[in-house]
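All remarks here apply to the structure that follows.
Rule-based calculations on the coordinates, nothing more; no lab input. Owing to the predicted nature of the structure, the values given are computational and were not obtained by experimental measurement. Quick reminder, even Gly has a Cβ in these numbers, built from the backbone with ideal geometry, and neighbours come from all protein chains shown.
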Number of protein chains: 2
Amino acid sequence: MIKNKLVVIGGSDAGISASLRARELSPNTEVAMILADRYPNFSICGLPFYLSGEVTDWKTLAHRTADEIEKQGIRLFPDHRATAIIPDRKEVLAADAEGRSKTFPYDRLVIGIGGVSLVPNLPGIDLPGVFFLRWVADSFAFQEYLASRRPKSIVIIGAGYIGMEMADAMIRRGLSVSVVEFLPSVLTTFDPALGGIVRTELEQQGVQVFNGFAVERIEPAGNRLSVRSVAADIITADMVLVAVGSRPESDLARSAGIETGVKGAICVNRRMETNIPHIYAAGDCAETYHRLLGKNTYLPLGTTAHKQGRIAGENTVGGNREYSGTLGTQSVKIFNRVAARTGLKDDEALKEGFSPLSVDVETWDHKAYYPHAKKMRIRITGDKKTGKLLGAQIIGAYGAEVSKRIDTVAAAIHNGMTMEALNDLDLAYTPPLSSPWDPVQMAAQAWSQANGRPV
Amino acid sequence: MIKNKLVVIGGSDAGISASLRARELSPNTEVAMILADRYPNFSICGLPFYLSGEVTDWKTLAHRTADEIEKQGIRLFPDHRATAIIPDRKEVLAADAEGRSKTFPYDRLVIGIGGVSLVPNLPGIDLPGVFFLRWVADSFAFQEYLASRRPKSIVIIGAGYIGMEMADAMIRRGLSVSVVEFLPSVLTTFDPALGGIVRTELEQQGVQVFNGFAVERIEPAGNRLSVRSVAADIITADMVLVAVGSRPESDLARSAGIETGVKGAICVNRRMETNIPHIYAAGDCAETYHRLLGKNTYLPLGTTAHKQGRIAGENTVGGNREYSGTLGTQSVKIFNRVAARTGLKDDEALKEGFSPLSVDVETWDHKAYYPHAKKMRIRITGDKKTGKLLGAQIIGAYGAEVSKRIDTVAAAIHNGMTMEALNDLDLAYTPPLSSPWDPVQMAAQAWSQANGRPV
């Protein structure tokens, strides 16, 4: 057991996972956690559900309370902003809420500082009534605006995960919702054909969707805000949410001589080590090893942050674990639909030198004779030459076990399985929940037929 | 492409899959399918839902109609009972409904004749009002009895999958239901602790459950039937369902010199070949290769029958495929609960020379702050020495993605993964559907902690 002074910058998924793991394996470790706000270990993925009203008490979004964290032997320094890392002295400097500087000496340092919302360089982006959503404080500002101004309408810029969840949330709150997206489809982490299903769902729920809408500026329009496109289309609403993605928060690290790479994220190896000894990084501030590509990419996700944090934590106390890698597995609930994906889409696979073939199937989620069967759409992608499974996208009904079906595919890709091997898996069947060949296996069979080779 | 006269005995999962696959790969193949009843390709797993009334038209239980099957180039011989296989002449003899004998010459033969209900040697087992449930005709007899006699109560002997589903079905039909089971718990393919959850569910739904009830006899009691135990307990009802399992239908094969093995099932290798050249067997009449055990066992399941049939069919037309093996993955819906399992339980693993450790966890199916989160119970089993994942059992709410969560574990076991590797999988997360660590990963972490070694 190593006697260890561990400093962790960041109190979200990566930082907490690192700290808990270090303490679990090495109870002598002293952990000091520097966090910029007062909300350690919050499920920021849950913020849209707080804003929708489905979560009535924001405090329940905490995986653990501050007390519970401290009881795990993690000393919290809330409202402290890390201002410098000094590797030569093995120190982190931080400023508290009053601006007083504090020095945190470390034996090991984990940077889990997260990402920041992308702020597009648009005129009007700073106007009152324009919001971003990433951290807990963002949601408070948003909630306060909803409560005090009682807006009746919102324009959401960006049709990614947060944009989609917030469209759902704001319809629930009774607002009139418009979504504008630069690209020609929504939820562009999915192929356009599947994005089309989501768009239809949005429209059926009353959301107005504008694809191919390149925002030029946001401008005041009386008490309201107008979002204007380069094509001079104008949508006016009471408030605007900008949800166009995030970037890694890596300035602090870079200033300390820590290398950054893909999209400015902190370079890490699979042990989550940076280029500077004794300094680790994990989560949305760091690069993500992609298991299928065999190289680092940038794919900030809560699941990944937990895993990377845990590995960083283990390695700070003498462990020797490597991150297994992401497959970009994600799921999202949008009104009554669930969209889930893993691995590579056609275009992504092509770019990486694969010979992808994608095949679409539509199947029932369970035997059609049993009540409430619902159609699900599966797009499965494999490599024509090797038969290797590369990815899948599924869109189906909420309640139809969509997201855990993608997990079967993720487990298969993780293990380098072929399409025919996926078809061989011994998966669960009972008529109310599946078919003797699970939908993902029907997709695999369709793929093999399309590829002209027997499964 | 091989010019091939394929004879298939049996028109259920294995026989149909074999035929379709042979035709798909080798369209010149002539397929003659000898089937004992008039219901080819029926989902016999769906019969309880027909009897429950949830499926209103029994014809919808057919995966394909007879016409659709014939259009696939499969010639059906319904109401034909195969009476002999003569390997020396490569012929099958069958008797039609009128008892006339017919000869079917073959180049390749697939036996997919299925299983038969176990008929315990009990006094009274032949009384009117005593039913079995395996084939479509069984369900018609049962349905006819329900319709004409309007029974108000039933005793179900046996608390396995069919017994449980029929308890659910008969409550739905308004009957008073008693389940008697020889063993001390219900659903004994699960550990007793998890069976206890199912028993509670049954009782909450008004089913009376009697464990440790050894049936001695069934006897008439006026217009009713009494089921009497060796301990002289008596339960009287209007009808009795005997659901104590099945055995392979292998007499025909045995008479032809085909070897039988485990529980009397037809011996097959992983190519689904019997000991006699050109004769294959698949499905409930045949042995089942178990992937974890590396040897044949007997585990009759529809999923397995489909897979084995498909492989047999492929190999009859010159293919060279091996069955990947079963893990005994199963799921069942009982009222509002779903139980799913894969791999080995503790006792099964111990018997096979593993050093099993099983750990129970109770977790929410998704983030507790999001509405409608429900607890699920997971028991995960691994090998203490190697850390290898051996099995899992999950019981949770219907709608909580229980059955497809077991699939993730099945995919992991299929690939020989360890508990820590399961924890590394990149699985889907969104607060309404999971947690950043999926419940199966929380179980893996708990297991590793219990095993005293870091994940």
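Structure values in brief
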| item | result |
| --- | --- |
| Given charges at Cβ of Lys, Arg, Asp, Glu: the protein assembly as shown dipole, positive-most of B:Gly99, B:Ser148, A:Gly343 | A:Gly343 |
| Positive dipole terminus of the stretch A:130-244, leading residue within A:Ile235, A:Thr189, A:Asn211 (C-beta point charges) | A:Ile235 |
| Per DSSP, loop GluC sites (Glu not before Pro) in the stretch A:189-287 with at most 16 further Cβ within 10 Å | A:Glu259 |
| Cut-off 12 Å between beta-carbons: net charge of the residues surrounding A:Arg228, Lys and Arg +1, Asp and Glu -1 | -2 |
| Separation between Cα centres of the stretch B:75-108 and the stretch B:130-173, rounded to whole Å | 33 |
| Counting DSSP beta bridges with both ends in the protein assembly as shown, the antiparallel % (nearest 5) | 65 |
| Separation of alpha-carbon centers, the stretch A:27-71 and the stretch B:390-450, rounded to whole Å | 24 |
| Sparse-neighbourhood loop sites, GluC sites (Glu not before Pro) in the stretch A:96-181 - DSSP loop, at most 13 other Cβ within 10 angstrom | A:Glu98 |
| Mean Cα-pair separation over length for the stretch B:46-130, i.e. relative contact order, pairs under 8 Å, 6 or more apart, % | 13 |
| Relative counts (whole %) of C-alpha pair distances in chain B, using bins that are 10 Å wide | 4, 19, 26, 26, 18, 6, 0 |
| Ascending list, in nanometres, of distances separating the B:Gln204 label from those of the other copies (7 Å, Cα toward Cβ) | 3.1 |
| Net +/- balance of residues flanking B:Ala137 in space, Cβ distance below 12 Å, scoring K and R +1, D and E -1 | -2 |
| Chain lengthening between A:Ala84 and A:Lys295 when straightened (0.36 nm per residue, less Cα-Cα) | 73.0 nm |
| Size of charge dipole - the stretch A:338-449 - debye, nearest 20, with Cβ of Lys, Arg +1 and Asp, Glu -1, no other charges | 220 |
| For the protein assembly as shown, size of Cβ-based charge dipole, Lys and Arg +1, Asp and Glu -1, in debye | 380 |
| Using a Förster distance of 45 Å, the FRET efficiency for B:Lys59-A:Glu259 (Cβ separation, nearest 0.05) | 0.10 |
| Computed [θ] at 222 nm, deg cm²/dmol, chain B (DSSP H ≥ 4; -39,500 (n - 2.57); rounded to nearest 500) | -7500 deg cm²/dmol |
| Chain A: relative contact order as a whole-number percent, Cα under 8 Å and 6+ apart | 13 |
| Relative contact order of the stretch B:330-450, defined on C-alpha pairs under 8 angstrom at six or more residues apart (%) | 28 |
| Anisotropy class of the protein assembly as shown from Cα gyration tensor, a/c 1.5 cut | prolate |
| For B:Lys102, label point 7 Å along C-beta direction: distances to other copies, nm | 8.7 |
| Net lengthening on full extension, A:His372/A:Thr103 (0.36 nm per residue, minus Cα-Cα) | 90.8 nm |
| Dipole in debye (nearest 20) - the stretch B:82-177, about Cα centre, beta carbon charges: Lys, Arg +1; Asp, Glu -1 | 240 |
| Label geometry 7 Å along the beta-carbon vector: B:Asn269 inter-copy distances in nm | 4.7 |
| Cα-based Lys proximity count in the stretch B:330-450, under 29 Å, for pairs eight or more positions apart or on separate chains | 29 |
| Net +/- balance of residues flanking B:Ala237 in space, Cβ distance below 14 Å, scoring K and R +1, D and E -1 | +3 |
| Average projection area in nm² (convex hull over Cα atoms of the stretch B:130-244, one quarter of hull surface) | 6.7 |
| Alpha-carbon centroids, the stretch B:295-365 and the stretch A:200-244: separation in whole Å | 52 |
